[in-house]
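Data first, discussion second: the structure below is written as structure tokens.
Rule-based calculations on the coordinates, nothing more; no lab input. What you see is a predicted model; the values in this text were computed from it and never measured. Every residue, glycine as well, gets a Cβ built from its backbone with ideal geometry; the counts of neighbours run over all protein chains shown.
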Amino acid sequence: MRKFDNIEDLKRDTRAGYTVPDGYFENLPMRIQQRCIDEQKSSFTEVVKVGILSIIKPYLLMGSFMITLLIGIYTVNTFLIPSDQMIVTPALSENGSYKIEDMMSQFNESDLTAFVDEAELVNAVNENYSGEAVEFLIDENIDYSTLIEECK
Amino acid sequence: MADYSDKELLALFRDDESKNYSFNLIVRKYQERLYWHIRKMVGSHEDADDVMQNTFLKVWKGLESFREDSQLYTWLYRVATNEALTFLKKKKTRYFISTDDDESHVQNKLESDVYFEGDELEKKLHKALAKLPDKQKLVFNMKYFDNIKYEDMSEILDTSVGALKASYHHAVKKLEKYLLED
């Protein structure tokens, strides 16, 4: 090994003992130029992608929300509500009004009375029906659905 | 190939028609200086090549807005230096290399590096340099190997001339002590 007394004695070569492969510096400018071109192309593509995405993103979100909502409504309607409780639009009669029998058949007595409290029910009965008719119904233990059947 | 000044090269670069030609000339003019500067920092040829490409990519993107308040070569050196330091920082974080490992790491690398032809004393110098903090090593390399003036170094590293002189002085003392130990 060379004798060392002072750092200034060492050969001051900018390469400091390192070397490069043959032809490295001849080819480097071309490789760097190609890399710059590739980088420019990929950054342009990125800008276009980001631009398009930022425009369509809100519409995509809105669309997916609507689809989810519709699927949810359909699922609830189809699977969660029993068929006998599903609201079915009554058929129209010839003169355009709904057939009363069709309408009434969808409801039972408890459905009707649920919307009316006891006081209102008593008042309605008192106003619209004679006491005889009510007493008759009670005495004969006739329920509402039976009455409808007999009217048909 | 015509020999253009830095001002002329910058003017050519700002013209769209001659931009690529001008950039090619800039690369050819400064590639060796920047390469050896980077190589002495990072050690291996493969790493130096990566850092070189990243450096010139930054130059390509940033040259348009270069304000010419400094010389072109000091600006190029600054970009190369920052890229080399960033590379070293990432490498140390990624591979958990501590400063204590640097010496044996450098020794092993030099022994196996086909692109190192230095003698035993140069190997020992590199081992000693590996013990220095990165910035102090940088100052030493730029002064000792590249003979860059302190004023230019101050622009490149954004450090005062006094601090650079002190850093170099301490670096020399540490290296001499290590090299004389055997």
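For the residue pairs B:Lys40/B:Lys174; B:Lys40/B:Lys165; B:Lys124/B:Lys165; B:Lys7/B:Lys90; A:Lys41/B:Lys149, alpha carbon separations beyond 29 Å are given by B:Lys7/B:Lys90; A:Lys41/B:Lys149.
At a 10 angstrom cut-off on C-beta neighbours, averaged per residue, how do the peptides B:172-178, B:31-37 rank from highest to lowest?
B:31-37, B:172-178
By its C-alpha gyration tensor, with a ≥ b ≥ c as the square roots of the eigenvalues, how is segment B:1-96 shaped: rounded for a/c under 1.5, else prolate for a/b larger than b/c, else oblate? It is prolate, given that a/c is not under 1.5 and a/b is the larger ratio.
With K and R counted +1 and D and E -1, the other residues having a Cβ less than 14 Å from that of B:Phe23 yield a net charge of +1.
Put simply, the amide H of B:Phe116, placed in the peptide plane, has neighbours under 5 Å in A:Thr19, leaving out anything fewer than 5 places away on its chain.
Per residue, the Cα convex hull of segment A:20-80 amounts to 119 Å³.
Counting Lys and Arg as +1 and Asp and Glu as -1 over every other residue whose Cβ lies under 13 Å from the Cβ of B:His45, the net charge comes to -3. In summary, chain B shows an alpha-carbon radius of gyration equal to 1.11 times the 2.2 N^0.38 Å reference for compact globular proteins.
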